[in-house]
Structures are given as C-alpha cells and as structure tokens.
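Enquirer: Please find one structure pasted underneath; my questions will follow.
Readers should treat all values here as calculations from the given coordinates under stated rules, not as data from a laboratory. Note that the coordinates shown come from a computational prediction; the quantities given were computed from them, not determined experimentally. Positions of Cβ are generated from backbone atoms using ideal geometry, with glycine treated the same way; all protein chains shown enter the neighbour counts.
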Amino acid sequence: MKAVTFPCSGSTAEARARLEAAIDGRPWNAAGLDGWIRGDRVVLALFRPTFIGRFRERNGKTALGGRFRMTWFARALLPIWLAPGIVCLVVALVPTELQPRSPGFRIALALLGGLLTLLALGRFALEWWGRPGDVDAVSQAIRTAVQPH
C-alpha cells in the first residue's frame, strides 16, 4: 500500500506518549487501538492490516509516517496455516498400499482438507487486505491519538 503520514502536534516524545496512552488505555478485552512502540518505530492495528511506521521530526514538526501492510511474521505463518489442509488433501488423494481406506473416509478427508485450505487462504486474505474500512478505522484512531483537540 502507499505511504501514509499523520501530522502530530507537539514533539516526538509528546506524540509518542499520547499514542502509548491510547494503546495502554484500551482494556484487554475491548476493541481499540492495539500495538507497540519501540524507539521511534510503531506497529499499530485495530484488526488488520497493520500500520507499520516511525516518528520523524522535520523542520520542527513531528509526523508519524508508514504503510499499512502485513507483518513479516504473519507472512511467515502462511505455510503453517496451509499445512493441515494440504496434509489432509494429500492423504485423501494419493493412493497408498499401507492400509485400505473406504471411499467415504477419503471423501471426508478431502472435504476436510479443502475446508482447512480455504480457511487458511481466507485468513491470509484477511491479514493481507483486511476488512473494508479497517484502514480508515486505524487511521482515525491514530489521528485521534496524535492530534488531541
């Protein structure tokens, strides 16, 4: 996705403190802005996609700049999400002499494998693109935190 910049009022330390307060002020089981801040690096999300950026000061003004994208960790998990479905499909569809299987078992295993694979790809798509309005919701939450009224 394209780069996004959120102007911040005050210094980097003040904007960071406000953003940390917005993150920390959310009860653990309630909807709201979640993420972490390490140094000038920021990772934020309400759900997905995730905003990954950093605070920068230029000409005496502070801004939080970054992109909405999937984290590398989430990308690395795709094979783990897909593995159970692929294993079920392979066991169901590849002929073997180890044990005779009934056609009903093979059909059930193929359906389970297809369902698990579909769910994994759906999870990946949700992680990659997010739900409609997620980017706007995260953007609004960031603006509210870094630009107090």
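Enquirer: Quick check: pseudo-label points 7 Å beyond the Cα along Cα→Cβ at Phe105 and Ile86, how many nm apart are they?
Expert: Between Phe105 and Ile86, the simple spin-label model gives 2.5 nm.
Enquirer: Give me the number: length gained by fully extending Ala125 to Gln147, i.e. 0.36 nm times residue separation minus the C-alpha to C-alpha distance, one decimal in nm.
Expert: Extra length from Ala125 to Gln147 when fully extended: 4.8 nm.
Enquirer: Modelling each spin label as a point 7 Å along the Cα-to-Cβ direction, I'd like the Thr12/Phe73 distance in nm, to one decimal.
Expert: Each label point is offset 7 Å from its Cα along the Cβ direction, giving 2.4 nm.
Enquirer: Can you tell me the 0 to 90 degree angle between the C-alpha axis of helix 12-24 and the longest principal axis of the chain, rounded to 10?
Expert: 50 degrees
Enquirer: Here's a follow-up. Would you mind checking the tilt of helix 103-129 against the longest principal axis of the Cα atoms of the chain, expressed as 0 to 90 degrees and rounded to 10?
Expert: It is inclined by approximately 10 degrees.
Enquirer: For Cα pairs less than 8 Å apart in space and 6+ apart in sequence, what is the mean separation divided by the residue count of the chain, i.e. the relative contact order in percent?
Expert: Numbers: 212 pairs, mean separation 45.0, N = 149.
Dividing the mean separation by the residue count of the chain yields 30 percent.
Enquirer: Next up: Would you pull out the residues with amide H under 5 Å of Cys8's amide H, same chain only if 5 or more places away, H placed 1.01 Å from N?
Expert: Thr62, Ala63, Leu64
Enquirer: A follow-up question, please. On a 0 to 90 degree scale, rounded to 10, what angle separates helix 78-93 from the longest Cα axis of the chain?
Expert: Roughly 10 degrees between the two axes.
Enquirer: So, one more: Which cross-chain or sequence-distant (5 or more) residues have an amide H under 5 Å from the amide H of Thr71, H modelled 1.01 Å from N in plane?
Expert: Here the answer is Thr50, since their amide H atoms fall under 5 Å of that of Thr71.
Enquirer: Find which of Ala22, Gly114, Cys88 sits farthest along the positive direction of the dipole of the chain, computed with +1 on the beta-carbon of Lys and Arg, -1 on that of Asp and Glu, about the Cα centre.
Expert: In the chain, that residue is Ala22.
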